Amino acid sequence: MGTLLPIGLPRNHFALREDAAHSVLVAGGIGITPLRAMQARLAQLGRPWELHYACRARARAAFADELQAQAPGRVQLYFGDTADGRLDLARTVQAAPAGAHFYCCGPQAMLQAFEQATAALPAERVHLERFAAQQAPAVQGGFVVELARSGRRLPVAPGMTILDTLLANGIDAPYSCMQGICGACATRVLDGLPAHQDSVLGPAERAANQTMMVCCSGAHSPVLRLDI
């Protein structure tokens, strides 16, 4: 018999709202990858959309010619090696129709500008995907993780994450990115107060303290009781 591999349902933290009144897609560099798929789906459904795509140079912009040829009135291109290459995100957001949903994938500077430009909008209409974590993992240690299913109590030492501690003690915990951006290590919190460091949970989910990413988040309480 070969190796047994666990499988699960696909995870999507950057889902397209297909019923949105209007969709504004903002891509930077290779961040065009998921937004190209969204654009194709919206076009297939006949839904209104616009795409703003920024890149350092046209020669490095994947899909640029194809997109502009398919929908020249809906695709705006911005290249750093041209005089008019700056994407004004604040103006783009202000000019969008009422009720529009906004999507962004690109480098950190673009994501920060996007968050500032959309800060006044309802959170459910703002969607982004990151390439890397916003914060470093919590490795301060000094607390205990209690595993509810077995009753084991594992001290988390300084320099270790919760995931490090679980793996070091033979616990087969699921994980993938180890940066808090994929959601593979999402774990239910039964008691205690997590110190969230991930880029997956939204403000309401963090405030609820029902789930945490054990690869990067720590604890504000001396004990965390987890559904493990």
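The values are calculated or read from the model by the stated rules, or taken from the named source; none is laboratory data. Fair warning: this is a prediction, and the values are worked out from it, not measured in the lab. With ideal geometry, Cβ positions are generated from the backbone for all residues, glycine too; neighbour counts draw on all protein chains shown.
Filtered by the rule that a residue be in contact (Cβ under 8 Å) with a residue 40 or more places away in the chain and within 16 Å of the chain's Cα centre (by Cα), segment 184-199 gives 184, 197, 198, 199. Taking the conditions (1) assigned by TED's automatic domain parsing to the domain that holds residue 89; (2) assigned to a strand (DSSP E or B) in turn, residue 188 satisfies each one other than (1).
Looking only at segment 200-228, residues that are in a strand (DSSP E or B) and under 22 Å from the mean Cα position of the chain (by Cα) come to 5 in all. Give me the residue from segment 185-228 that is modelled with pLDDT of 95 or more and among the hydroxyl-bearing types (Ser, Thr, Tyr) and, out of that set, surrounded by the fewest Cβ atoms within 10 Å (Cβ to Cβ). Checking each candidate, the answer is 221. Counting only residues that are more than 16 Å from the chain's Cα centre (by Cα) and of a type outside the set (S, T, N, Q), which one in segment 102-126 is surrounded by the most Cβ atoms within 10 Å (Cβ to Cβ)? Selected residue: 117. Residue 34: surrounded by 13 or more Cβ atoms within 10 Å (Cβ to Cβ) and not hydrophobic (A, V, I, L, M, F, W, C), yes or no? It is true that residue 34 is surrounded by 13 or more Cβ atoms within 10 Å (Cβ to Cβ) and not hydrophobic (A, V, I, L, M, F, W, C). Can you go through 99, 202, 183 and tell me which one is on the phi > 0 side of the Ramachandran plot and either of a type in the set (D, E, K, R) or not assigned by TED's automatic domain parsing to the domain that holds residue 50 (or both)? Within the list 99, 202, 183, the selection yields 183. Scanning segment 127-139 for residues that are loosely packed, with under 15 Cβ neighbours inside 10 Å and either over 30 Å from residue 23 (Cβ atoms) or in contact with a helix residue (DSSP H, G or I) (Cβ under 6 Å, 6 or more places away or on another chain) (or both) gives a single hit, 136. The sole residue among 42, 51 that is in the same structural domain as residue 114 (by TED's automatic domain parsing), free of Cβ contacts under 8 Å to residues at least 60 places away in the same chain, within 30 Å of residue 202 (Cα to Cα) and in contact with a helix residue (DSSP H, G or I) (Cβ under 9 Å, 6 or more places away or on another chain) is 51.
Scanning segment 57-70 for residues being in contact (Cβ under 8 Å) with a residue 12 or more places away in the chain and exposed (fewer than 14 other Cβ atoms within 10 Å of the Cβ) gives a total of 3. The number of residues in segment 153-166 being surrounded by 15 or more Cβ atoms within 10 Å (Cβ to Cβ) and either over 16 Å from residue 222 (Cα atoms) or free of Cβ contacts under 8 Å to residues at least 60 places away in the same chain (or both) comes to 7. Listed here are the strands (runs of 3 or more DSSP E) enclosed by segment 120-176 that have at least 2 residues being at pLDDT 95 or above and under 22 Å from residue 190 (Cβ atoms): 143-147, 153-156. For segment 46-59, the set of residues classified as over 16 Å from residue 86 (Cα atoms) and of a type outside the set (A, V, I, L, M) consists of 46, 47, 48, 49, 50, listed by residue number.
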